[in-house]
Amino acid sequence: MPDLAPWRSTPDFRLLWTQGLITYCGAAMALIALPLQIKDLTGSPLAVGAMGAVELVPLVVFGLYGGALADAVDRRKVIVATEAGLGFLALVLLVNALLPEPLLWPLYLVAAGVAALVGLQRPALDSLIARIVPHEQLAAAAALNSLRWQAGEIAGPTLAGVVVAFWGSAAAYGITLFTFVVSVVMCRRLAPAPPSHDAEKPSLRALTEGARYAWSRPVLVGTYAIDLAAMFFAFPNVIFPFLADELDAEWALGLMYAAGAIGSLAVSLTSGWLSRSRRHGLLVIGGATLWGLSIAAAGWFDTVWPVLLCLAFAGAGDLISGLGRSTIWNQTIPDHLRGRLAGIEVLSYSVGPQLGQVRAGAMASWTGTRAAFWSGGLACVASVALLSATLPKLFTYDAETDPDALRKKAAAGSGDAGA
């Protein structure tokens with residue numbers, strides 16, 4: 001069973017967990033409605049995949065800046081402001097959907113704005129966990145956060161499929177807007193999270209310091225590179241609407257988006273073992289390999305139920321890899337660099353999917369939808385194998401012997417989180 005120690009011991013963790021569940025449900029509904037609306041307006045998989053292209057630059061720029069910002073200002077203020085901004089963008093989607101003839105360009109503009117705000121927010125949000133949760137409970141907190149995400153990813157897409165089918169995209173966007181209003185109210189109740197007294201202001205030098213630290217740690221480089229490669233080659237979510245059409249299973253579109261979260265949920269509900277695990281690098285590698293194999297298998301079936309099963313296994317592999325990555329990051333990175341490194345992490349697990357959307361949309365246009373699945377999955381497996389051989393320290397990582405993990409543990413025990 002999951003280890004509930006962070007939930008019991010940390011009120012701010014409970015608040016963030018609940019707030020995240022609410023917003024994940026709302027955001028997942030928009031995640032379904034937006035590409036489906038672009039598909040209905042254009043009929044082009046390339047146009048849907050272009051969402052990744054317009055999101056890429058804002059995510060890179062604001063993700064890096066958000067990392068430096070998280071180390072320099074109150075992290076709670078960043079979270080509240082960005083949640084409010086995301087709510088405003090949901091309002092824009094709602095207004096556009098209510099027009100007699102919805103426009104296409106606002107959808108891309110909102111996609112870029114969401115990427116920018118997420119880039120600003122995620123470093124503050126991710127680095128806040130390492131501050132409020134005791135060091136020995138970080139792995140358990142990662143599992144609980146994943147459980148929250150999966151609940152939202154299951155409920156959101158499943159409900160979105162029904163809402164969009166019966167009431168249209170405007171209803172989905174309205175629910176999204178409501179969840180962000182609730183989130184802002186809840187986030188204002190978080191305790192302040194000011195920076196350390198000697199924190200640097202956001203600057204190119206501060207960003208360079210964080211990047212230099214990351215580059216000097218092969219274990220960290222391995223976590224970033226494997227996730228980036230896995231998502232670039234094997235993130236086909238954007239072409240799910242076209243796969244549903246080919247399988248004559250339009251009714252299953254919401255289930256396709258939810259299947260990965262169902263597989264992840266199965267892992268989370270049995271995640272008590274993670275608190276006893278030490279070889280988190282193996283989790284990163286093994287999970288990414290399972291992800292790639294499952295995505296490849298999904299492209300080989302011509303009926304919907306085996307495809308859904310493959311997507312569930314892919315979700316399980318993605319979560320296993322993600323738990324390994326987040327645990328390594330929180331176990332080894334000193335607090336005074338945590339925001340900047342969180343900015344790099346945002347790029348590693350977000351840029352990959354954005355580029356993956358472009359790849360999947362282009363491949364589906366050129367070679368067919370199912371070929372885009374299996375070719376990307378096999379490329380993912382090959383790239384993970386190559387990176388594992390190139391960066392062996394990730395494979396041998398052990399939380400009980402790694403110097404950075406031991407140094408961070410000692411700093412947490414002494415109360416000097418910035419050491």
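The values are calculated or read from the model by the stated rules, or taken from the named source; none is laboratory data. Note that the structure is a prediction, hence the values are computed from the model and not measured. Methodologically, a virtual Cβ is constructed for each residue, glycine included, from the backbone with ideal geometry; neighbour enumeration extends over all protein chains shown. What goes into the accessible areas is simple: the full protein's heavy atoms, side chains included, and nothing from ligands, DNA or RNA. Shrake-Rupley method; radii C 1.70, N 1.55, O 1.52, S 1.80 Å.
Residues in the range 232-269 that are among the aromatic types (Phe, Trp, Tyr) and surrounded by fewer than 20 Cβ atoms within 10 Å (Cβ to Cβ): Trp251 only. Looking across Trp329, Trp300, Trp305, Trp273, one residue alone is open to solvent by 10 Å² or more (accessible area, probe 1.4 Å), touching a residue at least 60 places away in the same chain (Cβ under 8 Å) and assigned to a helix (DSSP H, G or I). It is Trp329. Annotation note: of Ala360, Ala385, the sole residue that is in a helix (DSSP H, G or I) and either touching a His at 6+ places or on another chain (Cβ under 7 Å) or surrounded by fewer than 19 Cβ atoms within 10 Å (Cβ to Cβ) (or both) is Ala385.
Residue check: Leu228 meets all listed conditions (1) within 18 Å of the chain's Cα centre (by Cα); (2) open to solvent by 30 Å² or more (accessible area, probe 1.4 Å); (3) closer than 25 Å to Leu91 by Cα but one, namely (3).
Within the range 6-54, being among the charged types (D, E, K, R) and either open to solvent by less than 50 Å² (accessible area, probe 1.4 Å) or not in a helix (DSSP H, G or I) (or both) holds for Asp12, Lys39.
For the range 150-185, taking the residues that are closer than 14 Å to Leu255 by Cα and crowded, with 24+ Cβ neighbours inside 10 Å, the one that is farthest from the chain's Cα centre (by Cα) is identified as Gly161. Quick one: in the range 86-126, of everything that is of a type in the set (A, V, I, L, M) and in a loop (DSSP other than H, G, I, E, B), which residue is farthest from Leu31 (Cα to Cα)? This residue is Leu99. Of the residues making up the range 62-85, at least one is within 17 Å of Gln357 (Cβ to Cβ) and assigned to a helix (DSSP H, G or I). Inspect all residues belonging to the range 188-205 and state whether any of them is open to solvent by less than 80 Å² (accessible area, probe 1.4 Å), modelled with pLDDT of 85 or more and in a helix (DSSP H, G or I). No; the residues of the range 188-205 include none that is open to solvent by less than 80 Å² (accessible area, probe 1.4 Å), modelled with pLDDT of 85 or more and in a helix (DSSP H, G or I).
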